[in-house]
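All remarks here apply to the structure that follows.
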Amino acid sequence: MTTPTLTVKTPSDREIEMTRVFDAPRSLVFDAHTQPELVRRWLLGPDGWSMVICDIDLQVGGSYRYVWRRAADGTQMGMGGVYREVVPPERVVATERFDQAWYPGQALNTVVLVENGGKTTLTATSLYESREARDAALKSGMEKGVAVSYDRLAKILVTRA
Amino acid sequence: MQPRSYERARPARLDATFAALADPTRRAILARLASGDASVTELAEPFAMSQPAISKHLKVLERAGLISRGREAQRRPRRLEAGPLAEATEWLAGYRRNWENSYRRLDAVLDELKASRPQDPRKSKRGPTARRRR
């Protein structure tokens with residue numbers, strides 16, 4: 001199967017909206033977003049980072065905490081938040097705040113899963129407190145996205161061959 | 001998943017670009033200009049809007065550097081300026097690449113789950129063929 005397209009849009013000046021189709025039923029996509037042993041396998045930064053803490057208390061008012069660590073120098077990066085809505089297997093809304101405030105304030109993330117013919121369309125929207133925060137979040141991708149993507153793509157192609 | 005530190009100074013023009021692009025009318029104006037220069041009157045035509053309202057949108061686009069004004073005295077045709085738009089697009093592209101990396105890994109995790117778990121109790125009752133991977 002060809003890699004599905006990830007669409008990124010800015011529906012308003014405080015939001016980022018991503019849409020992507022996964023070739024799996026939404027119950028699996030939901031689990032992969034909410035079960036720690038699955039989350040830590042894919043929600044990673046650039047190569048060399050691993051997820052050392054992935055705590056998830058999946059209920060309204062429950063919190064989650066993610067910490068990543070770079071093996072090379074021990075640098076750690078953490079973030080977490082509180083679940084506002086949990087509707088398996090279709091919707092999760094949670095706050096997001098990073099330990100190092102690389103964007104001001106917190107964001108509200110909404111993940112919506114729609115299943116059709118065994119495939120799942122994921123729509124992930126991040127609502128920031130200000131346009132400045134949203135732009136800072138967008139900018140973060142540019143700094144490291146280019147360097148790591150080709151390496152990783154090559155590796156995945158090899159393992160899937 | 002984000003860089004440990006980022007440059008706090010943000011390019012003001014990029015902010016202006018994103019603000020300008022946030023409005024559907026302004027995006028439609030840019031789309032129209034992509035097919036050629038147009039006067040304010042021409043730009044106002046497809047919209048149920050007064051010329052002053054359109055002019056206001058044009059001012060925002062102009063401040064963001066997304067359009068410029070032609071010299072022609074009567075029409076003052078507006079022209080699309082590609083630079084800032086490309087810069088904003090590159091930002092989105094970087095963010096997209098970043099998440100695409102993670103989502104490619106998620107694809108692999110999901111493939112594995114599909115192979116190892118019955119997806120649906122109804123299907124699993126029908127026997128192993130119902131949940132066999134293609």
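The values are calculated or read from the model by the stated rules, or taken from the named source; none is laboratory data. All figures in this text were calculated on a predicted structure; none of them were measured in a lab. FYI the Cβ positions are ideal-geometry reconstructions off the backbone, even for glycines, and counts take in every protein chain you see.
Observations on the structure shown:
- Filtered residue count, the range A:62-95, keeping only those that are more than 20 Å from A:ARG41 (Cβ to Cβ) and outside any loop (DSSP other than H, G, I, E, B): 11
- Checked against (1) assigned to a loop (DSSP other than H, G, I, E, B); (2) more than 8 Å from every other protein chain (Cβ to nearest Cβ); (3) more than 30 Å from B:ALA115 (Cα to Cα); (4) of a type outside the set (D, E, K, R), A:THR5 passes all but condition (3).
- Every condition in (1) within 12 Å of chain B (Cβ to nearest Cβ); (2) touching a residue at least 12 places away in the same chain (Cβ under 8 Å) holds for A:ALA94 except the one numbered (1).
- The residues of the range A:87-119 that are hydroxyl-bearing (Ser, Thr, Tyr) and closer than 23 Å to B:LEU92 by Cβ, listed by number, are A:TYR103, A:THR110.
- Candidates B:SER116, B:SER35, B:SER50, filtered to the one that is at pLDDT below 80 and exposed (fewer than 13 other Cβ atoms within 10 Å of the Cβ): B:SER35
- Looking across the range A:55-82, just one residue is in contact with a helix residue (DSSP H, G or I) (Cβ under 9 Å, 6 or more places away or on another chain) and within 12 Å of another protein chain (Cβ to nearest Cβ), and that is A:TYR66.
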